[in-house]
Amino acid sequence: MTGNNKLKLESVAEQTASVAERDALRAEQVRILTSQAPLGLLGTVLCALIVTYFLFSNSNTTWLLLWCVSLLLLTLLRYTQIMMYRVRPPTKVGPQWLNLFDLGAALSGLAWGSLALFAFPSGSLLYQSFLVVVVGGIGAASIMMYAMSARSAPAFILLSLVPVIIRLHIEDTALTDALELLILFATGVFVFLALPQMWWVRFTV
């Protein structure tokens, strides 16, 4: 065997090993995400029902009910996808599983953010504060729930909290301005905390 052929074979072997290692890491990543997600989805359902109950008489009820039904349907679709994976795991975990998971997380974050734009309890600081606490708490929880995804946590945090910041800015009162600064600071902290895991996952998978 010539030296060039030997080098080529070694290069192919290294690339094959690298691909196999990357596939194994992706499979473990998806396994962890799908094992943690059901508890988070249950929390999503409970929070959605609680928010709908408390805001029902203090916001646009049509939008609120539409939001609640949409979020519950989205959560059901995400749960179905996760159970399909857990009941019959594929022999090879392709990137599409991560892409679908990230898409579900982003849509869920967008759903929570849309609540601030279309069903915000104007004129009631108590209910506004309640909404900010709930959405902020869910954003904080997403850091751990989506820890094995490079995109899910940042997408969820930004899509859920930025609309809240915008809505508080539109209200333009002294108290809503204070809430706006608080949630803006919290958003920055959440994204900062998500960055290390985002870069770790990106460079290892």
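Readers should treat all values here as calculations from the given coordinates under stated rules, not as data from a laboratory. The structure displayed is predicted, hence computed values, not measured ones. Ideal geometry is used to build each Cβ from the backbone, glycine not excepted, and the neighbour counts take in all protein chains shown.
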- Message: Can you compute the modelled spin-label distance between SER35 and PHE118, with each label point 7 Å from Cα toward Cβ, in nm?
- Response: 3.7 nm
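Could you give the C-alpha radius of gyration of the range 45-123 expressed as a fraction of 2.2 N^0.38 Å, taking N as the number of residues it contains?
Working: Rg = 15.6 Å, N = 79, 2.2 N^0.38 = 11.6 Å.
Against the empirical 2.2 N^0.38 Å value, I get 1.35 for the range 45-123.
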- Task: Would you mind working out the magnitude of the charge dipole of the range 23-152 relative to its Cα centre, with +1 at each Lys and Arg C-beta and -1 at each Asp and Glu C-beta, to the nearest 20 Debye?
- Result: 320 debye
- Item | Principal axes of the range 73-112: Cα extent on each, largest first, Å | 34, 18, 8
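By how many nm would the segment from LEU72 to PHE192 grow when fully extended, if each residue of separation counts as 0.36 nm and the alpha-carbon distance is taken off? Write out the running numbers ahead of the final one.
On the way: separation 120, 0.36 × 120 = 43.20 nm, distance 2.93 nm.
Answer, rounded to one decimal: 40.3 nm.
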- Task: List TRP97, TRP63 from most exposed to least, where exposure is judged by having the fewest other Cβ atoms within 10 Å.
- Result: TRP63, TRP97
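I need the semi-axes of the equivalent ellipsoid of the range 82-186: take the C-alpha gyration tensor, multiply each eigenvalue by 5, square-root it, list largest first in whole angstrom. The partial results should precede the final answer.
Numbers: eigenvalues 219, 28, 21 Å².
Here the semi-axes work out to 33, 12, 10 Å.
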- Query: Any idea how far apart LEU175 and ARG86 come out in nm if each label point goes 7 Å out from Cα toward Cβ?
  - Reply: 4.2 nm
- With the charge dipole of the range 17-204 built from beta-carbon charges (+1 for Lys and Arg, -1 for Asp and Glu) about the Cα centre, the Cα from PRO121, VAL162, LEU181 projecting farthest to the positive end belongs to VAL162
- Task: Please give the per residue volume of the convex hull enclosing the alpha carbon atoms of the range 17-204, rounded to a whole number of Å³.
- Result: 91 Å³
